[in-house]
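Every number here is computed from the coordinates shown, using simple stated rules; none is lab data. Note that the coordinates shown come from a computational prediction; the quantities given were computed from them, not determined experimentally. A quick note on method: Cβ atoms are made from the backbone with ideal geometry, for glycine too, and the neighbour counts reach across all protein chains shown.
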Amino acid sequence: MNAIMPKLTLNNGVVLDAVGFGVYRSAPAETTVAVETALANGYRLIDTAAAYRNETEVGAALAQSGFDRAELFITTKLWVDDYGYDAALRAFDASMARLGLDVLDLYLLHQPLPSDFDLTVASYRALETLYEQGRVRAIGVSNFGTEELSDLLARTDVVPAVNQIEVHPYFSEPGLRAFNLENGILTEAWSPIGGVTRYWRHGSGAAPKDPLHDPVIVRIAAAHHKTPAQVILRWEIQLGICVIPKSVTPKRIAENIDLFDFSLSAAELSDISALDTGVRAGPDPGTITRS
Ligand SMILES: NC(=O)c1ccc[n+]([C@@H]2O[C@H](COP(=O)([O-])OP(=O)(O)OC[C@H]3O[C@@H](n4cnc5c(N)ncnc54)[C@H](OP(=O)(O)O)[C@@H]3O)[C@@H](O)[C@H]2O)c1
């Protein structure tokens, strides 16, 4: 138990750390060591997905860690190719076999499928079944906007515990975060330090701006003798957002959880929030289709 780690409580009472560790684009060969390094540095929440193709390597790190299962909080996600009630249940079993787990802490629909929302709902129904059976401690969604969340809430029984969405200073989604909050849904930030601005290229090939180099972030980081990544993560934590930064670099893995010896003032928080452009850097979730 990390005594200084802030905790967040989901709408069903399940508690998780405010800072977790992501493994998207962690090559399988690097993932086990990265997760072991994260665990050694105090992370206990690990965020993977079937689509990342590294659940097996995450599972290997968990098995070798020696931690009590209750100390760890593991999230994985159902990819759209496995949507449908029965297909989702099969995909869950396959993920659990790869992770080497009996019970999962959080299972998310990776994306809404706007072209077939009935299939999205059927998949969420499968998550509800897994939740009722006690095979997952909490269920939720990712990349859902307000319209899709409203549709889902109207057609299902268990309110998602989490909506994992793109959030960083240049795309901070204040409206969607407020909607999540009003509905008892925790916002979890993917690309919390703007990773997507560095690895994703839109059709034009133009690179979006990188918040780690923003003058406002750099100024606040200098004032606190912290790094830009630490300032951004601290801003999100102080806004009540769960963050899951990814790194395969030991120094950065340590840096991204070393966030509890400083705090940002109200003015600093609002200066960072003012950087929002309203323009996402990642793909538009509304355009996702099955392969
Ligand atoms: N639900 C979804 O659709 C979705 C989408 C994207 C991501 N995610 C989840 O969110 C997690 C985090 O998002 P992300 O990986 O897109 O982006 P991120 O965590 O914001 O940024 C990761 C990138 O930044 C670099 N980095 C890490 N720490 C750094 C630091 N302190 N200083 C400078 N650079 C640093 C990493 O490089 P190195 O690894 O080379 O150090 C990596 O390229 C993912 O791993 C995944 O678990 C979910």
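The eigenvalues of the Cα gyration tensor, multiplied by 5 and square-rooted, give region 218-291 an equivalent ellipsoid with semi-axes of 26, 18, 11 Å from largest to smallest. Over region 150-212, with a single point scatterer placed on each C-alpha, what log10 of the ratio I(q)/I(0) does the Debye formula yield at q = 0.19, 0.29 1/Å? After summing over all Cα pairs, the log10 values are -0.76, -1.19.
Within the listed set 187, 146, 31, the Gaussian network model of the chain (springs between alpha-carbon atoms below 10 Å) gives the highest mean-square fluctuation for 146. Could you tell me the center-to-center distance, by alpha carbons, between region 1-75 and region 247-274 in angstrom? If we compute the Cα centre of each part, the gap is 19 Å.
Every Cα-Cα pair of region 1-64 was included, and the share exceeding 13 Å stands at 62 percent. Once backbone amide H atoms are built at 1.01 Å from N, residue 214 has no partners under 5 Å, excluding neighbours fewer than 5 places away on the same chain. Take the alpha carbon gyration tensor of region 1-113, find the square roots of its eigenvalues, order them as a ≥ b ≥ c, and report rounded if a/c is under 1.5; if not, report prolate when a/b exceeds b/c, else oblate. Note, shape of region 1-113 comes out oblate. Annotation for residue 252 and residue 224: the two label points, set 7 Å from Cα along the Cα-Cβ direction, are 1.9 nm apart. Projected onto planes of every orientation and averaged, the convex hull of the alpha-carbon atoms in region 142-291 covers 10.4 nm². Computed over region 96-226, the alpha-carbon pair-distance distribution with 10 angstrom bins reads 11, 33, 31, 19, 7, 0, each value a whole percent. Modelled label positions at residue 72 and residue 269, each set 7 Å beyond Cα in the direction of Cβ, lie 3.4 nm from each other. Sorted on the mean count of surrounding Cβ atoms within 10 Å across their residues, most packed first, peptides 167-178, 6-17, 249-260, 105-116 read 105-116, 167-178, 249-260, 6-17.
Residues considered: 49, 189, 27. Largest GNM mean-square fluctuation over the chain, using C-alpha springs under 10 Å, is found at 27. Both radii were evaluated on the Cα set of the chain; the Rg over Rh quotient, with Rh as the Kirkwood radius, amounts to 0.94. On full extension, the segment bounded by residue 125 and residue 97 gains 8.0 nm, given 0.36 nm per residue less the C-alpha separation.
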